[in-house]
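Every read-out reported here was derived from the displayed coordinates using simple, explicitly stated rules and does not represent laboratory data. Values in this document were obtained by computation on a predicted structure and should not be read as measured data. All Cβ positions, glycine included, derive from the backbone under ideal geometry; neighbour counts span all protein chains shown.
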Amino acid sequence: MPKITLKDGVLSSDSYVKATRQYICGKGTVSELTLDMPAGLTVQGAISVNAHCSCCGEKVEIATGKHSVNSDGILITE
């Protein structure tokens, strides 16, 4: 089981997995995100990514939901 730590708002882990997900900006541009996610982590809420869309400049954010990485390395939202 990976060790996950949250300290001063910073999440860290001793084990990460690559997670991919399609992102569509407000103007409809489709991009693929690749994130390093702590192994075994499930996030309830929105995920803010430290990036901006190359098309329109909007901040990249994955909408509120229950997010986890499946066995194929895809970030899924329930």
Ranked by how many other beta carbons lie within 10 Å on average, peptides 37-43, 48-54 from highest
37-43, 48-54
Under unit Cβ charges (Lys, Arg +1; Asp, Glu -1), what dipole magnitude, rounded to 20 debye, does region 1-62 have relative to its Cα centre?
60
Taking the Cα centre of each part, how many Å lie between region 1-29 and region 55-78?
9
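Considering every pair of different Cα atoms, what Kirkwood radius, in Å, is found for the chain?
Values: mean 1/r = 0.0747 Å⁻¹.
Final number for the Kirkwood radius of the chain is 13.4 Å.
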